[in-house]
Structure formats: structure tokens, C-alpha cells
Amino acid sequence: PDAGPKDQEFWDQEVVDTGGDQREEPVVPAPLPEDSPVNILVAGGADIRHVLKTVARRRGGGKRGPRLRFFLHETSHEVLARHMLFLQVINNKALPARERMELFLSLYGNTLVRERDCRYVAEMADEFVEMVTDNSSHPLAGVINLDGLKFKDRDILQDIFKGWRGDVPFDVEALRDQRCRGYYRDRYDFRKNMMDWDYQTHIKDKAGIINWFHYKAFCFTGVAFETRLGSYNMPNRTLASYTEARDRSKGTTVQVRGFWGDIVNSPYYAFSICTNSIDRPRLFKISGSQYRHTETDIAEFNLQDYIGQLESGEELHLPSETPEEHVFPYASPLDGLRTENRIEEVPEESTEPQDVAAQPRTRGRRKPPKKDWPGLTPAFEDGGVEVVLLSGDLHEVLKKPRYRGVFHRGFLGSMSIMPFFEDAGLTRSGEDPFRPSEPSVVKIRKAPRVEAPELLGAKKEGSGFGAAFVEGAHVVVETMKYQAHFDANQRLAYRHRAAQAGHLFGWRLTDETRGVPRMEHDMKERRAQDLEKNATDFLCFVTGPPPPAPATASPELA
């Protein structure tokens, strides 16, 4: 999110498959269970990129991997609604793979979408309402588990889906312009210079594949992904959300509907800054100090690869290298894939309206008409994947007995890091063991394993995060590496704070040297940027044994 108190994260940074150190012995996670489902917690992920990659890799090479059970937790119900939409888009076999990819990217990162995209969302809104109320015949209802949501959460989701209908007003252009004016303030007329500063300082060195002209277009218009000759002039209602505000006349707290998404950090990081190691040299090739391909090309290729693996289990790779790729004007290896996946427009079949008066009237709640929905992709259709949606206070959710020692893998996004810190006691000065008792300056900040080895597992007892994971679980914590509005010193301090929280839970870092670089109190910004650039994109932990279960009182003593 950008530097404002009212932000909603609808996209995040690099995708990860939830699947050299200073120590003498390397830290490796425990093997996954073979006879039971693999439980994966994704908290604050902001999208389903981790689910897509993990499920795609499950069928990689045509094999059938273990059963996967994803627990997706979000504090915002609008993000949960988008999770359901994107799962439906990816599994909609009625659309060709390339059309699914274009629809996914358009709804994922654009404030303005094509007319067909807007119509698609409006048509699916009613079906999602039926799905939330357990009246849907859609095959996706067998994959998405809503038992972890309260009825209050379901009512909120139902209202959100109703807001996706085409007759609901949502002037996203005016709302986004209002956000930009509030962010840039007096520099609004010169915001292009501010965009250039963010790009040159925070983006170009770490993610040079992101094109400056595309990033500038996103900052100005909110449109990140444009495909073919589409006209992007309809509002993306899935980006509408609510935030708390104060009434100017009464002074009471009210909920304000608007666009509270990101206006500084682009949605390119999730699918555009990495790809498979085989095709990366050709896709990220540089000629004349410029990349031959753009971030949109990489995102399209990666998404088609995931969809292909979900369908057939076979990975997508570039065709064989040709001499034209090395001779000006340098032919792109993606041209052959685009020719193979060319979409042909098919006219819609006319359907005659049914005579409503001739249908018998029934008392009670109207049953939704049964539709002939296409089946899911083989990766989701074989019953090996389940997606459980969760909401509420993450700290309190993980304290429930049902989640004790359940998760084998975990991902904690930046939007869920505050419950992580609160559970470790790092947000309260009186309970923070890393805060010195007397005011002093820490000249060099080192990794918590070196700085305070005696604190390993000090906060494990009574913590929700420490008890939710099995021994040897692999937990990935997102960093602020690609956040454009934080200084490098702040991003490095965030790394150390996250490492301290994991240390208090008894977790050990797998790549301590690159994950948590040493910090000096008077470090210059340029030096901090170099350390952050060479640091890992994520902090990877291996959990220790969970704390013993609390003793229950016997009937005689109760």
C-alpha cells in the first residue's frame, strides 16, 4: 500500500511456491506428510498467486502430488471475494487459456477494464451470492470451503458481490484521482517527476524488467496490463472497498466506499519479475542496456504456464532458439506462442427467453436455476485441492484449538505482519526483549541468533503463531524489498524486526546472511539500498517444536 492510512492491498510482490548460511549445519524443513493433506496457511497474500503456483507444481511432469489444503486469511472481505473470482476465472474451461490469462490480468491489476470483463464480473456476481448462501451448483463450490467464516462474514461477502453488478455506480477514475491528489498534494502537477524518482530509486535496480513507460502509465491511469487492441473504459468494481472514516459534522466513525488500492506500487511484481530457470536467459535478455521483453510479456507467459500445468501437467517452455533472435530487429521467442494461442471470435448463440408465467410458482425461498457449468481444471477436479477462507483477527484465529499444530507450510504477507509482531510482544515497549532497558544507541544490529541466542523460543508459550505450525514447518515471511515508498533503512529494519519475532517463536532462518544483513546506526541510504538489493526477497523460517498443549482441568477439580 502507499503511504496513507486508508490503503487496501489487492496485489502483492513476487510469487512463491509454498512448497550459504552462517551455521555449520543447514536448516531444512521437515518432509511433507504422504498419507494426509498438506495444510498451508496464506495470511495477507492479497491474491492467489501462491495457490496457483503450488497447485500447478503439484501436477508438474504429469504426476499427482499430495493433497493440498489452503487456508487463505484476509482482514478485508473484498480480497476474499477476489480470491473466489480468480479461482473461477482460472478454472473456467469454457474460455481458451489465453482468454483466461487476459481476463485474469485485466481484473487483477487494472482499475479500468474491457467491457467484456465488466460484463463477466456482473454475470458471476449472482452466482457467487448463491455460493455464499450454499445454494450454488457450480463445481467450484466443492473446492471453496466457507465453514471458517461467520454468518456476519458471509453477509458482508454477499453485499460485496451485489456491488459487482453492472448497475452499481463506481466512478473509479474520479476516486483514484482524489487519492492521487491527497498523496502528491502540492506536487500533484509535477507528479511525473515523483514517479520517475520512485522508478529510478526503488524499481530499476531491483526489477528492471518493469518498463518505465508502463509504470508511468499505471501511475497516471491505473491500467497496468493491456492486451491486444482492447478498449479499457469500464470500471473494475472488484477494486471497490470500504474503509473507516470520520464524519466531519457528527464526528462519528463511518464506512466510506471508494478506491483504496495502491497508487504507487504496481501489480507487476507478482507475475512479472521471475520465471522458470530454463527460459529466463531468453526472456530477460538485455540489448543496448534495455530488456527485449516487458513485464507484461513475462506475466502472460507465466500465467499461461500455470494454466497449462493445471490442465495437462506439462510445463510451458519457449520454442527452440532461432537465428532471428540475434539479428536486428531481434525476433521474440514469444511470437510463436502467440500464434499458436490465437483466439478466434465466435458469435454468441441466440437463446429465446423462457415463459416465466408458465412456470409453476413455489413457496419459500426461490431456488436458483440450474446451469450447465463446465468442469474445473484437472488439478482442481481430482479432489486434491481445498481452499478454506478465513477472516477476523489472525492472532485470535490461530489461537483456536482446531488450528493447533496443523500447518506444514505458511506464508505471511505484509498485510498480516502486525498480528505477527503483536503475538511476539514487539509492539509493546514494556514486553519487547530486544529493546534496551536504558536509552542507548545500537551501533551494529546483527541477526537475533547472534545478538540474543538466549531468547530463542522465549515467546513460544501462549502464542498463536508458535503453536499453529508443526515442527519443521517452512514459513515464508514477505519483506518490503519492492515497496517504493519506504527508505532502504526502514526496509532493512523491517527485516530485523521480522527475524526477531520468528526468533522469539523458536523459528530459525534458512538464509541468515542474505536475509538479515548487518545494519549500522549511521548507515548511508546508498549503502542500505545496496544491501537491500542483494538481500533475499523473502525471509524463510523453519519452525521448532510447538509448545505443549495447555492442561485441561479434570472433572473433579473443575
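What the table shows:
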read-out	value
Listing of helices (runs of 4 or more DSSP H) fully contained in region 23-124 that carry 2 or more residues being of a type in the set (Asp, Glu)	97-109
Number of the exception - residue 186 against (1) surrounded by 12 or more Cβ atoms within 10 Å (Cβ to Cβ); (2) on the phi < 0 side of the Ramachandran plot; (3) not hydroxyl-bearing (Ser, Thr, Tyr)	(1)
Members of region 448-478 found to be more than 20 Å from residue 29 (Cα to Cα) and not in a helix (DSSP H, G or I), listed by number	452, 458, 459, 461, 462, 463
Candidate set from region 287-328 (those that are among the aliphatic types (A, V, I, L, M) and part of a helix (DSSP H, G or I)); member that is farthest from residue 381 (Cα to Cα)	298
Qualifying residue in region 126-148 (condition: open to solvent by 10 Å² or more (accessible area, probe 1.4 Å), assigned to a strand (DSSP E or B) and either aliphatic (A, V, I, L, M) or touching a His at 6+ places or on another chain (Cβ under 6 Å) (or both))	yes
Residue among 455, 390, 426 that alone is open to solvent by less than 70 Å² (accessible area, probe 1.4 Å), of a type outside the set (S, T, N, Q) and touching a strand residue (DSSP E or B) at 6+ places or on another chain (Cβ under 8 Å)	390
Selection from region 161-173 of residues that are open to solvent by less than 50 Å² (accessible area, probe 1.4 Å) and not in a loop (DSSP other than H, G, I, E, B)	161, 172
Hits in region 132-151 - residues which are touching a strand residue (DSSP E or B) at 6+ places or on another chain (Cβ under 7 Å) and among the hydrophobic types (A, V, I, L, M, F, W, C)	143, 144, 146, 149
Checking residue 280 against (1) more than 27 Å from residue 480 (Cβ to Cβ); (2) open to solvent by 60 Å² or more (accessible area, probe 1.4 Å); (3) touching a Cys at 6+ places or on another chain (Cβ under 9 Å), the condition it does not meet	(1)
Output for region 257-274, where each listed residue is open to solvent by less than 30 Å² (accessible area, probe 1.4 Å) and part of a loop (DSSP other than H, G, I, E, B)	261, 262, 263, 264, 265, 266, 267, 268, 273, 274
Scope region 65-74; condition in contact with an Asp or Glu (Cβ under 7 Å, 6 or more places away or on another chain) and at pLDDT below 95; matching residues	66
Region 494-508 residues that are over 12 Å from residue 539 (Cα atoms), paired with ones that are among the aromatic types (Phe, Trp, Tyr) (beta carbon under 6 Å, 6 or more apart)	505/465
Selected residue (criterion: nearest to residue 304 (Cα to Cα)) from residues of region 47-64 that are at pLDDT below 90 and touching a Ser or Thr at 6+ places or on another chain (Cβ under 9 Å)	59
Any hit, region 88-98, residues being closer than 20 Å to residue 166 by Cα and either buried (at least 20 other Cβ atoms within 10 Å of the Cβ) or not basic (Lys, Arg) (or both)	yes
Which listed residue, of 191, 246, is under 21 Å from residue 174 (Cα atoms), basic (Lys, Arg) and surrounded by 14 or more Cβ atoms within 10 Å (Cβ to Cβ)	191
Condition met for residue 469 (open to solvent by 60 Å² or more (accessible area, probe 1.4 Å) and among the aromatic types (Phe, Trp, Tyr))	no
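The values are calculated or read from the model by the stated rules, or taken from the named source; none is laboratory data. Values in this document were obtained by computation on a predicted structure and should not be read as measured data. All Cβ positions, glycine included, derive from the backbone under ideal geometry; neighbour counts span all protein chains shown. Heavy atoms of the whole protein, side chains included, go into the accessibility calculation; ligands, DNA and RNA do not. Shrake-Rupley method; radii C 1.70, N 1.55, O 1.52, S 1.80 Å.
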